[in-house]
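Quick notes on the structure that follows.
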Amino acid sequence: MKKFKYIIATLFVVAVGAGIFWACEKEETIANSSVTKESNKIQKRPPGITYTIDEIRVIDGKCYHVTGSYFEWTDINNIRNGECDGLIYTEIDCATAYPATTTPLEFEFHPRDDVSFTSTEQYTNPNNYTFTVISGKEGFTVEELNLFYVDALVNLYYNYMN
């Protein structure tokens, strides 16, 4: 009877281990095929520097309180890259520095994969990045949004990456 209990316990442990093994998601690439199984694991950022932003900037004659952070890193080709997971532009009164609007603009940007950054013009060109407006897009034209994008890129490059 004791042997029977050990056999059942052993089978139970093997079954649980096999279930956990098959339940784990694995990355695999099929040889000689273009099919690749994508993993939904959280991507870690490469080693780099995060800069916190809290400053006042003038854009198109209006004052904005800018908060957020930039992330700068060097890739394996020794090319410097920069991105932002959220910059907030809040319009303020230039004289008093009090908010002049209740709807700040918040957006993020990331470098496009198909661009190799080798010159100042490439770093500061908004066409080389993917921008996503998180909130506050209402009331801004495409040209005005482009002014904010250029401002964010120019400040990232000249203040932190240069």
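The values are calculated or read from the model by the stated rules, or taken from the named source; none is laboratory data. Because the structure is predicted, anything quoted here is derived from the model rather than measured. Glycine gets a Cβ as well: all are built from the backbone with ideal geometry, and neighbour counts include every protein chain shown.
Worth pointing out:
- Single residue of T120, T96, T103 found to be closer than 20 Å to Y158 by Cβ, of a type in the set (S, T, N, Q), surrounded by fewer than 15 Cβ atoms within 10 Å (Cβ to Cβ) and over 17 Å from the mean Cα position of the chain (by Cα): T120
- With respect to (1) of a type outside the set (S, T, Y); (2) at pLDDT below 90; (3) at positive phi; (4) surrounded by 15 or more Cβ atoms within 10 Å (Cβ to Cβ), the lone exception for F140 is condition (3).
- Among the strands (runs of 3 or more DSSP E) confined to the stretch 68-162, the ones with at least 2 residues that are closer than 16 Å to V58 by Cβ are located at 80-92.
- The residues on offer are N155, N159, and the sole one that is among the polar types (S, T, N, Q), buried (at least 16 other Cβ atoms within 10 Å of the Cβ) and in contact with a strand residue (DSSP E or B) (Cβ under 9 Å, 6 or more places away or on another chain) is N155.
- Tallying residues that are of a type outside the set (D, E, K, R), assigned to a strand (DSSP E or B) and surrounded by fewer than 17 Cβ atoms within 10 Å (Cβ to Cβ) within the stretch 52-67 yields 5.
- Flag for T101 being farther than 20 Å from G48 by Cβ and at pLDDT below 90: yes
- Count of residues meeting criterion [in contact (Cβ under 8 Å) with a residue 40 or more places away in the chain, of a type in the set (F, W, Y) and over 15 Å from N128 (Cα atoms)] in the stretch 149-162: 1
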